[in-house]
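Some notes on the structure that comes next.
The values are calculated or read from the model by the stated rules, or taken from the named source; none is laboratory data. Small disclaimer: the values here were computed from a predicted structure and weren't measured. A quick note on method: Cβ atoms are made from the backbone with ideal geometry, for glycine too, and the neighbour counts reach across all protein chains shown.
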Amino acid sequence: MSRKKTPKSKGGSAPATSALPAAKGPRPVRPETARAGPEAPPNGPPQPGRSSLGGGGDIYDVAFKVMLVGDSGVGKTCLLVRFKDGAFLAGTFISTVGIDFRNKILDVDGMKVKLQIWDTAGQERFRSVTHAYYRDAHALLLLYDVTNKASFDSIQAWLTEIQEYAQRDVVLLLLGNKVDSAQERVVRREDGEQLAKEFGLPFMETSARTGLNVDLAFTAVAKELKQRLTKAPSEPRFQLHDYVKREGRGASCCRP
């Protein structure tokens, strides 16, 4: 069962990928960097750690906070579990209450990148809890369910909320989830592409059940965030839209 948490530290990010302006000015902060210490306490994001001499902590070079947002039931928890553990949560399970998180370390171009992934509740009654976490997020994965038209129609409302509470330069990626349920699909891939194009967002379709494009979604934002932090002036900028389009399997992505 997920537990309610209160944020304790701040993270940061770099120049924006999406075309969304911020309704309120961003709060300038820096991403945490560390040769990691212990896992984050259950009541907040991790603090920068030290090298673990006793082998009690994972080693990482930099850490970023990623949030999963979208209506209740779109598959946020299943997507996170598939990415973290390579498993699918079959059957019924209790919806996320408030907010929960899991960590995973990726090797991104020779750098150990720790993603602290926050799974948020989609129900309206938990919005006041999740709003507090937007300002700390370096990246947001915004999900809808391709078998649920209402969840797709809610995307613009979620974008308005992100515009109000998240940092102006947050990385945004739109995901149409549950594409394995082809017979139940009510939202066409073209509709997702058109919406993403309208807001200048990279887009792909995913399936937590089969694992389609799940690793790619998280790897893409990790690459974007890592390069924002480490890019040399002479180094070409990482193009998130192009990477998602080129690497996507069995799904189509849109261009801004």
(request) Could you please tell me which pairs satisfy a Cβ distance under 6 Å, a separation of 6+ or placement on different chains, a first residue in region 150-174 that is without any contact (Cβ under 8 Å) to a residue 40 or more places away in the chain and of a type in the set (A, V, I, L, M), and a second residue that is crowded, with 18+ Cβ neighbours inside 10 Å and not in a helix (DSSP H, G or I)? (result) LEU174/LEU142; LEU174/LEU201; LEU174/PHE203
(request) Identify all residues within region 83-117 that are at pLDDT 95 or above and in a helix (DSSP H, G or I); write none if there are none. (result) PHE83
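In region 211-238, how many residues are touching a helix residue (DSSP H, G or I) at 6+ places or on another chain (Cβ under 9 Å) and either at pLDDT below 95 or of a type in the set (Gly, Ala, Ser) (or both)? Even if it seems obvious, please write down each step before you answer.
Residues of region 211-238 touching a helix residue (DSSP H, G or I) at 6+ places or on another chain (Cβ under 9 Å): 211, 213-221, 223-224, 235, 237-238.
Applying the additional criterion that residues be either at pLDDT below 95 or of a type in the set (Gly, Ala, Ser) (or both) yields 211, 217, 220, 235, 237-238.
Summing the residues that are touching a helix residue (DSSP H, G or I) at 6+ places or on another chain (Cβ under 9 Å) and either at pLDDT below 95 or of a type in the set (Gly, Ala, Ser) (or both) in region 211-238 gives 6.
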(message) Could you check region 216-241 and list, in sequence order, the residues that are of a type in the set (Asp, Glu) and buried (at least 23 other Cβ atoms within 10 Å of the Cβ)?
(response) GLU224
(message) Being within 26 Å of GLY110 (Cα to Cα) and either outside any loop (DSSP other than H, G, I, E, B) or not hydroxyl-bearing (Ser, Thr, Tyr) (or both): is that true of GLU235 here?
(response) yes
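Return yes or no: is ARG127 surrounded by fewer than 24 Cβ atoms within 10 Å (Cβ to Cβ), touching a Pro at 6+ places or on another chain (Cβ under 7 Å) and at pLDDT below 95? If you could, list the steps in order and put the result at the bottom.
Values: surrounded by fewer than 24 Cβ atoms within 10 Å (Cβ to Cβ): yes; touching a Pro at 6+ places or on another chain (Cβ under 7 Å): no; at pLDDT below 95: yes.
Judged against the criteria, ARG127 is not a match.
Does THR219 qualify as being within 14 Å of the chain's Cα centre (by Cα) and hydroxyl-bearing (Ser, Thr, Tyr)? Steps first, answer last, please.
Values: within 14 Å of the chain's Cα centre (by Cα): yes; hydroxyl-bearing (Ser, Thr, Tyr): yes.
Yes.
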